[in-house]
Each structure stands twice: as structure tokens, then as C-alpha cells.
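The next block holds one structure in the form of C-alpha cells; read it before the comments.
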Number of protein chains: 2
Amino acid sequence: MTEIEDIADTEDEALDRRRVSAILDAVAAGDAGLLTDLLEPLHAADIADLLEQLDPSDRREVLRLYSGEIDGEILSEIDESIREEVIENLPADVLAEAVRELDTDDVVDILEDLEEPQQEIILSALEDADRVAVEQALSYPDYSAGRLMQREVVVAPEHWTVGEAIDHLRGAEWLPDQFYHVILVDPRMKPRGYVTLGRMLSSRRDIALRDLMEDSFRTVRATEEEADVAYIFTQYHLISLPVVDENDRLVGVITIDDAMTVLDEEHEEDMLRMAGVGDEASLSDSVAEAAKGRAVWLFVNLLTAILASLVIDLFADTIDQMVALAVLMPIVASMGGNAGTQTMTVAVRALATRDLTAQNALRIVRREIAVGAINGMAFGLVMALVAGFWFGVPMLAGVIGLAMVLTLVAAALGGIVIPMALERFDIDPALASGPFVTTVTDVVGFFAFLGLASWLLL
Amino acid sequence: MTEIEDIADTEDEALDRRRVSAILDAVAAGDAGLLTDLLEPLHAADIADLLEQLDPSDRREVLRLYSGEIDGEILSEIDESIREEVIENLPADVLAEAVRELDTDDVVDILEDLEEPQQEIILSALEDADRVAVEQALSYPDYSAGRLMQREVVVAPEHWTVGEAIDHLRGAEWLPDQFYHVILVDPRMKPRGYVTLGRMLSSRRDIALRDLMEDSFRTVRATEEEADVAYIFTQYHLISLPVVDENDRLVGVITIDDAMTVLDEEHEEDMLRMAGVGDEASLSDSVAEAAKGRAVWLFVNLLTAILASLVIDLFADTIDQMVALAVLMPIVASMGGNAGTQTMTVAVRALATRDLTAQNALRIVRREIAVGAINGMAFGLVMALVAGFWFGVPMLAGVIGLAMVLTLVAAALGGIVIPMALERFDIDPALASGPFVTTVTDVVGFFAFLGLASWLLL
């Protein structure tokens, strides 16, 4: 048995280094049979990861050799950055079959990110009933609960017993892949509560479903934002959340796996936005896309930096008389920038988790200022000693120490107040806080240090 | 009906501003009855959030007035930063009762963060069987699957039918709150697969469970790290994951709600670590704790900044001859720092999601360098024009433009290579990349700009 056959046969179904290089060998040899043996045991999510990690020419080759096996599950696991490319490379019949086997919420998820002509191809591949369902879902706003939900719900009238519900489920022609509750509805399809499958299974047939309802029951409007949906799942430890329309009628259900994906995406978005990386950033983005996405933030930062330079320019004469100031001034600005980022990150995170509210805002602002003052004094003292020994000018030591205190307090204040103000005005604090906070810390840092120097030293 | 009674009665069970201020009024008036009416309709998670948001004296007062109603669910929702304080303020009998009603995994979660004496209090409040279970769970490493799992599992022998399983569940004296699968085990308790409750409920009584098993089935070792557990849940869209010991025998199960909590915590940790905020940071931390946590990073940053200053000091004579260099040099360092942070954030995130692998590393490094070069040239050109017009020295324009290209390429290289190298050496890239990347961008930025200036301008 060759080594490659050995890998294909192995019970360990992971996408490890050995398997990847075996796959690349099979691709290079154009051996479709071997490639299929190697990919077959993998989970759809791992096959999608593999496609993302390959360079474009290898990816095309894998798709060509393996196209017959690309199913709906793989398609919905593929990152949006390469989805369009993959869809273009699939034969029409493979694509149609792949799409047809998906739940409607997964089809919606795929369609959202595609251009018009590709959307048409996929919509026309669907059966009529599914197409209508998908088009209805697409009529909800982007990133809303309506887009996220699956329309296939398992419901029962309030007055049913366990036995009636079980008989109904056994007789059902089709059931969703994922369901964890039976939702009890009134005759007008308004949800009244739900029963977990575990409780149903462990109860006698003659028990009324109504008596098994969970204490805590929530629904969400279809127009609600998906970030709020993710919050509700995390906060209340839900497994599924029924979705209602504007008349409170049941229109679908969101399950926790979708909420977890949203949580993960929201988080990635916050992290990348705080670092000034565009929303769409992914490792599969091209050089041009990545450069363009990051240039926006770099441009904003350039304006901030030029503003800081204008402050320095005000004190050009002072620096001319004492070049040590030029040597030390970046330290003050750098410490301010870091302290500001620390506070800002805590604030952005606390706003996202709703831990920072009108209730505790004032106390947290006071706390941050106190933290800034304490660390300002500690590091001001350290830097005063360093500068004193370095340049032998006692007054210079005093100036840098004092500048450090002022800058770190300003950084703390800016770091907490700016995200809160942005949130109040409905601007995403993760996206917009950075430039403002940096401006505050740079300007205050240079102004305090050079201003104090020109006043006290010359 | 007074306004406060009106709020207490309202159907909307949210922790909004009106309710919070009504609660504070009730606390100020020392009115336990009214406070209870206001808190009663809230979910345990919201009551815990309220306690976190109150200042310590109000919190003590709420606990005093409401202590009888503090149950296990509230206790396990409370953030670890104030949990110790809350436990100290609860009467022993209330605490004992609260702890006794929890599943063992929740008790473990509470115990982990407590000091020895408080652990003893809680352990002694448990019934014998539960205490043994909790102590066994605590014998697994911190942040392992064994700590996360619940030991209460619902299993069935492989050869059972749906009917036998349902009868068994109906006869069971006790079942876990949360279970979504019945795990099929062999006689030696080795898991062979699982059946979703939905499929069981919708199948005839005479069907063999074996025929209903899910295609995809994974288990995890009890010693596996919880971050890996969260990855498995996200990657494979699992709802529950059986946990096995070193002999592959079933010892527990992890459910998706716990995995979602871990995912959320891991994210928070990455975000805070990248910003240099200590691990334990929470809004309820005291000023001293917060100041101390952040001082570590500020100290590292101080060393970096001093290193950068030493570079500047090398060129003190050059600056002395042309003060415009002091005005412009922070721009180069700032742009480098930002570009480095962008790349580093993308890299840290991609490492966490396992999108950046040995397979595509070289391609991604090349991409980042290309992005750095493109943006370096673009912003180098812009700054050359700005500096040229500002100071009227054409050669200065050339120097800053060239320095910008070099710095942004170095930032890109450092931003991608440093996190990858740290990961290779098992050091958390989220925690340690920042200082290294900043050092690279600062040192290269100042060196390139001032070095080119002293070479070309003087």
C-alpha cells in the first residue's frame, strides 16, 4: 500500500499537513480518483477550508477534478470571498443539485453575497416553493433576523398531548435537519411557548404539551438586527428562538448554530474594525482588495499624524534650542496612545456586551480617570528618573513626568468618553473610536510635553 | 397605581433604564417587597447584570434585601469579578440551597474562580454524590474539556429500539436540563454514535436506534483544551459533543451553550490581550486591579519607546541641523505602527480560526508584503508632496517618501511573521505580538527616516 493510499484510508479524518500535501500531489498528477479518496472522508467544513487555503490555480484544478462531488453543504461552508469564484467554476447541473438540497436559510446565506446574474442562476435552480420562500426571506433587511431564520418550523396546537405530537411527527413527510423544540401556537399562529424535545420524550403520552412548556420563552421580530439576536442567545442561553412578524405571528425559527456563527462574525468584525482593517478582509482577498481596504484607515491616520506634526511645528524653536525634546517626545505620545487603546478596547467590548450602560457610565468614567492618573504618576516618575539620568537636566525630568500624567489622564478620558459618545449617535464605536482617541493622545501628548518644556525650560 | 408598581407589573421583562431607576428607588427606601416585585420578572442573567452594574454599596443593599431569592441560576450568571463578594454577602443557608440546585458543570464553573475557604463552603453544601462529581471534574486541568462537560449523560445501548429508549426516558427519575442527543454506547461505555431527539421522536417505536445514527460523530478527550472544543463546535456546527477518558470511555458531554460561552470568552481574551489589557479585566474590577493589569503592558511599551528614542538620539546632530525632521518623524512611525497593527490583527485572527496554516503561509506573507509596498508607495507619495510644500526642501520630500515605503514594508513583514513565529513556539500571538511589532515599526521608521536624512540631506 502506498503512502498516499494509506492517508486516504486513515481513520483520522482531519485536514492535517500530510493529507494536504497528498491532496496537492493528487492534483498535480490530475488523479481524480485518488483526490476523491482523499477528500471523501473529510467534513464539508474542512473541504471548504482546504479550498480557501489553496492558491487560485490549484483551487480551479481541485474543482475541475472533484466538481461532481461538490454538494450543498460544502457550498454553504465556503467563505464568501471565494464563493463567487467556486460557483463560476461549477457545472450548472452540479450547482443546481447542490443548491436544491439545502435548507432555505442556507440558500439565503449564499445568495446574499452574490451578484445579480449569479443569484438568478441559483434561484432558477430551486423548486418553485423554495424559490418563493427564499425570495420572501430576501425581502427582509440585510443582517436581520428574517434573513437568518429557517422558515421550516415544527409547531403544535396548544391543546395537544405528547402522544398527539409524537404521532404527528412520525407522520410528517419532512422535518428540518435541526430542531430542538416544538413551538406551541394558537389558532392564529401566534406562538405561546415551547416544549423541549427532551421533556416530550420523557413524558407520558397523555400529558398535555401545555404542562411541559418552558418557564422562559422569548420571540424576536423578523426585522430585528442579527447582532441583537446573537446577544439574546448568549444572554439567555437559548437553543432556538422563534421569529414573529409585525402581527406577532410565527414566521420562522433561528437555531443556536446560526447564532453562534453570527457571534463569531460580529466579533471578527469588531476586532478588524478596531485595527482599521476593512470589513471584508479575509485571507483570500486579493492584494488590491486588501491594500484598498486598509488604505482608508491609513489615510485617516495620516491626517491625525499630520495634525500632531502641526502641534510639534508650533514648538520648532523650542526643539531647536534643546534637541533632547525631539528624542523624548515620542515616548510621551506612545504611552498615551497605548493607554488610550487599552481604555478604548475595554469600552468597546463593554458596549458590545451591554455591560456599560447609562447606569454605571459615570462610575466607569471616574474609574478610568483614576486608573489613568495612577499609571500616569507611576510611569511619569519612571520616565522622570530615566530622562534625568540620561540628559542630566533636572527640569527636563520634571517636564516629562508631568506631561506623562496629563497625557495618560487625557488618554483615559478620551478612551472611555469617545466610544460612549459614538454609540449614543449610533456610530459603531469599534470602527470610529480609534482615530479620535489617537488624535486626542497625540495632540495632548506633544502639546503637554513641548508646551511645558517651552514654558519651564527656556 | 403608582409608577413603580406599574413598572413592576409591566409585561416587558427587560432591564431597561426605567426599571433600573425604580430598583434604585426601592433600594434607597429599603423596600424589600417592592424590590422583589421589580426583580421577580427578570431573567437570572439580567439580575446578574444588574448586580454587576451597581456600585458596591448598592449591590450590598440589594443582596441584603433580596438575598432569600438569590438562586443557583443567578449565582452562575454572575461575573467572576464580583462573585466572591456576592458569595460573602449571602447567608449560608441561601448559598447552600442555591448551589444544590445546579448541575455539576455549573458548580465547577463557580468553584474554579474562588479561593480555598470559599470553595470549602460550597463543597460542603453539596450532597455527597455531587461533591464527588465536582471534585472529579476539578481534577481535570484548568480550561479543559473535563472542566466544561456535564457528567449527566443520556445513553442507550446500541441495540435498543426507539420504543425501548423512549420507555427508558419516561421511567428515568432524573434527566439533565439540556440534552439534544441520545448517545449510543457499547457495553464498555465506549460511544459509537448518537441519535438526535428529533429523529427519535419522528421514528416508529420498532426502528433500531443504530439505524438513526448521525453520519458525522465526533468525541473529544477530557484533557483537550476548551479553546479547541469551541473550535470543534464552530467548525462542525455541533450541538453536543461527548467527552471520553484516556480509554475512550464516555465520561460526560459538552453542550453548545457552554461552547458558545467559551467562544465568547476566547474572543474577549484575544481582543483585550491585543490591546494589552490584563486577562481578568472587567468593568467591576477595582481601580487598583485595573491599573495594575494595564501597567504590565505600559511598562513593556515604555521599554519599546525608550529603544525608539535611543535610535532618535543617534541622529540628534542631524535633527539639530534640521528641525523639520523632528516635526515629520512621528508621522513615519505612526503610519508604520498602524500598518503593522492591521497586518498583525489579520494574522492573529486567522491563526485563531486556523485559516492561516503551513499550507498558505508563504502566499499570505507575500501578499502582505505586496500590500505594504503598495500602500507604502501611495502614502509615501502623498507625504512627499505634503512635506515638499510644507518645508520647501525637495530632498526632504524624497526622504520621507522613501522612508514611508521601507517602514510600511517592514510593518507588513513584522505584522505577519511575528504572530506566526510566536504561534510556532506556543506563545499566544494575541498577547505577545504587539510589543514586537511596535518595536519593529518604531525602530525601522525612525532609523529609515533619520538615517536617509543624515545621508542625503546634510
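The values are calculated or read from the model by the stated rules, or taken from the named source; none is laboratory data. Every value quoted in this text rests on a predicted model; they were computed, and no experiment measured them. When we count neighbours, we look across all protein chains shown, and the Cβ atoms used for this are built from the backbone with ideal geometry, even at glycine.
Looking at A:206, A:215, which is the one that is within 24 Å of residue A:179 (Cβ to Cβ) and free of Cβ contacts under 8 Å to residues at least 12 places away in the same chain? Spell out how you get there, then give the answer.
Numbers: A:206 fails: free of Cβ contacts under 8 Å to residues at least 12 places away in the same chain.
Only one candidate passes the filter, namely A:215.
Screening residue A:296 on (1) closer than 25 Å to residue A:423 by Cα; (2) of a type outside the set (Gly, Ala, Ser); (3) buried (at least 18 other Cβ atoms within 10 Å of the Cβ) shows it passes everything except condition (3).
Within region B:122-154, being among the hydrophobic types (A, V, I, L, M, F, W, C) and surrounded by fewer than 16 Cβ atoms within 10 Å (Cβ to Cβ) holds for B:129, B:132. Is it the case, given these coordinates, that residue A:160 is without any contact (Cβ under 8 Å) to a residue 24 or more places away in the chain and either on the phi > 0 side of the Ramachandran plot or of a type in the set (Phe, Trp, Tyr) (or both)? Taking the combined requirement at face value, the residue does not satisfy it.
Annotation note: of B:149, B:189, the sole residue that is touching a Lys or Arg at 6+ places or on another chain (Cβ under 6 Å) and either closer than 25 Å to residue B:104 by Cβ or free of Cβ contacts under 8 Å to residues at least 12 places away in the same chain (or both) is B:189.
Just one of the numbered conditions (1) facing chain B (nearest Cβ under 8 Å); (2) within 30 Å of residue A:164 (Cβ to Cβ); (3) buried (at least 18 other Cβ atoms within 10 Å of the Cβ) is not true of residue A:263: (2). Can you confirm whether region A:190-203 contains a residue that is assigned by TED's automatic domain parsing to the domain that holds residue A:250, out of contact with any helix residue (DSSP H, G or I) (no Cβ under 9 Å at 6 or more places or on another chain) and more than 28 Å from residue B:174 (Cβ to Cβ)? Checking region A:190-203: at least one residue is assigned by TED's automatic domain parsing to the domain that holds residue A:250, out of contact with any helix residue (DSSP H, G or I) (no Cβ under 9 Å at 6 or more places or on another chain) and more than 28 Å from residue B:174 (Cβ to Cβ). Restricting attention to region A:305-319, the residues that are within 8 Å of chain B (Cβ to nearest Cβ) and crowded, with 16+ Cβ neighbours inside 10 Å add up to 7.
Take the conditions (1) assigned to a loop (DSSP other than H, G, I, E, B); (2) more than 8 Å from chain A (Cβ to nearest Cβ); residue B:283 misses just one of them, which is (2). Residues in region A:320-331 that are assigned to a helix (DSSP H, G or I), in contact with a helix residue (DSSP H, G or I) (Cβ under 8 Å, 6 or more places away or on another chain) and more than 7 Å from chain B (Cβ to nearest Cβ): how many? Residues in region A:320-331 being assigned to a helix (DSSP H, G or I), in contact with a helix residue (DSSP H, G or I) (Cβ under 8 Å, 6 or more places away or on another chain) and more than 7 Å from chain B (Cβ to nearest Cβ): 3 in total.
Here is the figure for region B:364-380: residues that are at the interface with chain A (Cβ under 7 Å from one of its Cβ atoms) and not basic (Lys, Arg) total 7. Of the candidates B:49, B:79, the single residue that is in contact (Cβ under 8 Å) with a residue 60 or more places away in the chain and within 11 Å of chain A (Cβ to nearest Cβ) is B:79.
Scanning region B:67-104 for residues that are farther than 26 Å from residue B:254 by Cα and among the hydroxyl-bearing types (Ser, Thr, Tyr) yields a single hit, B:67. Among the conditions (1) of a type in the set (A, V, I, L, M, F, W, C); (2) within 27 Å of the chain's Cα centre (by Cα); (3) at pLDDT 95 or above, the only one that residue A:381 does not satisfy is (2). Scan region B:149-161 and give yes if some residue there is touching a Pro at 6+ places or on another chain (Cβ under 8 Å), more than 14 Å from every other protein chain (Cβ to nearest Cβ) and part of a helix (DSSP H, G or I), otherwise no. Within region B:149-161, none of the residues are touching a Pro at 6+ places or on another chain (Cβ under 8 Å), more than 14 Å from every other protein chain (Cβ to nearest Cβ) and part of a helix (DSSP H, G or I).
Taking the stated definitions as given, is residue A:59 surrounded by 19 or more Cβ atoms within 10 Å (Cβ to Cβ), farther than 19 Å from residue B:216 by Cα, charged (D, E, K, R) and over 21 Å from the mean Cα position of the chain (by Cα)? Here the answer is yes, as residue A:59 does meet what is asked.
In this structure, is residue B:136 outside the structural domain of residue B:249 (by TED's automatic domain parsing), outside any loop (DSSP other than H, G, I, E, B), over 24 Å from the mean Cα position of the chain (by Cα) and farther than 23 Å from residue B:73 by Cβ? Outline the logic, then answer.
On the way: outside the structural domain of residue B:249 (by TED's automatic domain parsing): yes; outside any loop (DSSP other than H, G, I, E, B): yes; over 24 Å from the mean Cα position of the chain (by Cα): yes; farther than 23 Å from residue B:73 by Cβ: yes.
Yes; evaluated as a whole, the condition is true for this residue.
Every condition in (1) in a helix (DSSP H, G or I); (2) more than 7 Å from chain B (Cβ to nearest Cβ); (3) farther than 28 Å from residue A:455 by Cβ is met by residue A:301 except one, and the failing one is (2).
Kindly provide the set of residues from region B:219-260 that are surrounded by 16 or more Cβ atoms within 10 Å (Cβ to Cβ) and part of a loop (DSSP other than H, G, I, E, B), ordered by number. The answer is B:219, B:222, B:224, B:237, B:238, B:239. In region B:402-458, the qualifying residues are those that are hydroxyl-bearing (Ser, Thr, Tyr) and buried (at least 24 other Cβ atoms within 10 Å of the Cβ), and the one that is farthest from residue B:314 (Cα to Cα) is B:433. There is at least one residue in region B:333-343 that is under 17 Å from residue B:397 (Cα atoms) and surrounded by 24 or more Cβ atoms within 10 Å (Cβ to Cβ).
Tell me, yes or no, whether region A:90-99 has at least one residue that is surrounded by fewer than 17 Cβ atoms within 10 Å (Cβ to Cβ), more than 30 Å from residue B:355 (Cβ to Cβ) and either touching a Lys or Arg at 6+ places or on another chain (Cβ under 8 Å) or not assigned by TED's automatic domain parsing to the domain that holds residue A:223 (or both). Yes, region A:90-99 contains at least one residue that is surrounded by fewer than 17 Cβ atoms within 10 Å (Cβ to Cβ), more than 30 Å from residue B:355 (Cβ to Cβ) and either touching a Lys or Arg at 6+ places or on another chain (Cβ under 8 Å) or not assigned by TED's automatic domain parsing to the domain that holds residue A:223 (or both).
Scanning region A:332-363 for residues that are at the interface with chain B (Cβ under 7 Å from one of its Cβ atoms), under 20 Å from residue A:428 (Cα atoms) and in a helix (DSSP H, G or I) gives A:341, A:342, A:345, A:346, A:349, A:350.
Being at negative phi and surrounded by fewer than 21 Cβ atoms within 10 Å (Cβ to Cβ) is a description that does not apply to residue B:380. Taking the criterion of being modelled with pLDDT under 90 and assigned to a loop (DSSP other than H, G, I, E, B), the residues of region B:43-76 that qualify are B:54, B:55, B:70, B:71. Of the numbered criteria (1) within 10 Å of chain B (Cβ to nearest Cβ); (2) closer than 22 Å to residue A:110 by Cα, the one residue A:205 fails is (2).
Among the candidates B:435, B:429, B:394, single out the residue that is at pLDDT below 95 and over 30 Å from the mean Cα position of the chain (by Cα). Please lay out each step first, then the result.
Details: B:435 fails: over 30 Å from the mean Cα position of the chain (by Cα); B:429 fails: over 30 Å from the mean Cα position of the chain (by Cα).
Just a single option satisfies the conditions, and that option is B:394.
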